[in-house]
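Asker: The structure follows.
The numbers here are math on the coordinates, done by the rules we state, and not lab data. The shown structure was predicted, so the numbers you read here are calculated from the model rather than taken from an experiment. All Cβ positions, glycine included, derive from the backbone under ideal geometry; neighbour counts span all protein chains shown.
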Amino acid sequence: MSHIANSPRTRTRQKTERPRLHKVILVNDDFTPREFVTKVLKAEFRMSEDTAYKVMITAHRRGVCVVAVYAKDIAETKATRATDAGRAEGYPLLFTTEPEE
């Protein structure tokens with residue numbers, strides 16, 4: 001087997017750095033109904049109707065929108081749950097995560 005690139009041994013830590021936060025990103029698609037996206041945002045990310053609508057419409061117009069920022073494990077769990085909610089209804093709804101700069 002080849003050497004794994006992100007081996008824990010190769011990581012150096014300076015002082016005690018805080019864990020990096022991760023953005024949850026809503027990726028626009030042309031199939032998932034706007035109302036459904038808004039419903040998922042309200043349920044999974046505890047958004048108001050107004051905030052959920054604004055996030056959905058921003059993703060619609062720009063292609064993507066940052067939904068929220070969390071610790072890595074929470075961000076990944078929420079993104080997965082939100083994506084799975086769409087899949088359960090047959091929609092290609094997609095939420096991804098990436099480290100915050």
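Asker: So which residues in the range 62-81 are of a type in the set (Gly, Ala, Ser) and more than 17 Å from Ala52 (Cβ to Cβ)? Walk me through how you get there before you give the answer.
Answerer: Our first condition is that a residue be of a type in the set (Gly, Ala, Ser); within the range 62-81, this holds for 63, 68, 71, 75, 79.
Result: Gly63, Ala71, Ala75.
Asker: Of everything in the range 45-59, what is under 15 Å from the mean Cα position of the chain (by Cα) and under 12 Å from Leu26 (Cα atoms)? Give them in sequence order. Before the answer, list the steps.
Answerer: As a first pass, look at the range 45-59 and keep what is under 15 Å from the mean Cα position of the chain (by Cα): 45-47, 52, 55-56, 58-59.
Listed by number, the residues that qualify are Phe45, Ala52, Val55, Met56, Thr58, Ala59.
Asker: State whether one or more residues within the range 55-64 are over 30 Å from Glu17 (Cα atoms) and either in contact (Cβ under 8 Å) with a residue 40 or more places away in the chain or among the acidic types (Asp, Glu) (or both). Let's see the steps before the verdict.
Answerer: Taking the range 55-64 as the starting set, the residues that turn out to be over 30 Å from Glu17 (Cα atoms) are 55-63.
Okay, now just the ones that are also either in contact (Cβ under 8 Å) with a residue 40 or more places away in the chain or among the acidic types (Asp, Glu) (or both), so none.
Taking every residue of the range 55-64 in turn, none turns out to be over 30 Å from Glu17 (Cα atoms) and either in contact (Cβ under 8 Å) with a residue 40 or more places away in the chain or among the acidic types (Asp, Glu) (or both).
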